[in-house]
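Structure, as structure tokens:
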Amino acid sequence: MPNRQRPVPAWYGVLTERRGGPLLPRRAASRLSAYVYGNILVLAAVVLASSSTIDEGHAPLIVLGTGVTTYIAHVFADLLAHANVPEAHEEEHGGELSREQVRGLAVDELRDAVPIMSSAVWPAIALTLGYHEFIPTEAAQLIAGAIVVARIASVPIVTERVRGNQLDARVVGAGLIAAVVAAVIVLLKTLIGH
């Protein structure tokens, strides 16, 4: 009996394939680092939200502020590091970089750090719904936290996507482990930091 492959649903490609194809390994690592870092810090901000900060409308602003300021700090740190160690890119590009190449690298850094800000958007929306009393404040905080934990659980899936690889059960299992580890990190940060 011949080995037949099952047809792949159309939505599978949308979820698993980047429109521009796989990223270069350096860029994939940078983007994934930003994705994880942003989600962990946003989760910490969500965990520290209280009913009063949600009721007063401060919680969504804190979460958005965490995303924006972390993005700025991350981009600044990357650009400063690359400016002080230019030979890291010179090796990759085979010699001294032109101004256009340096600008291109800066644009890449700005784009690769976007997942930091995107990690804050949906949790802030959930907290805003609590502020406007569309949902109870406790539910708003729970939903906001669940959104970030789900994003952290998706890290292995995102990894395979930016690298252009197929998904399997091992990848999903690794995502669940990543979510548990991230939750423990945030719990420790919350307990030690406050």
message: Based on this model, can you work out whether residue 174 counts as open to solvent by less than 60 Å² (accessible area, probe 1.4 Å) and modelled with pLDDT of 70 or more?
response: yes
- request: Residue by residue through segment 113-136, note down the ones that are more than 30 Å from residue 27 (Cα to Cα) and open to solvent by 20 Å² or more (accessible area, probe 1.4 Å).
  value: 128, 129, 131, 132, 133, 134, 135, 136
message: Whether any residue in segment 117-125 is assigned to a helix (DSSP H, G or I), at pLDDT below 85 and within 18 Å of residue 39 (Cα to Cα) is what I want to check.
response: no
Total residues in segment 64-85, condition of a type in the set (Phe, Trp, Tyr) and without any contact (Cβ under 8 Å) to a residue 40 or more places away in the chain: 1
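The values are calculated or read from the model by the stated rules, or taken from the named source; none is laboratory data. Quantities reported herein were computed from a predicted structural model and do not represent experimental measurements. Backbone-built Cβ (ideal geometry, glycine too); neighbour counts: all protein chains shown. Each accessible area value is taken on the protein alone, full model and side chains, heavy atoms only, with ligands, DNA and RNA left out. Shrake-Rupley method; radii C 1.70, N 1.55, O 1.52, S 1.80 Å.
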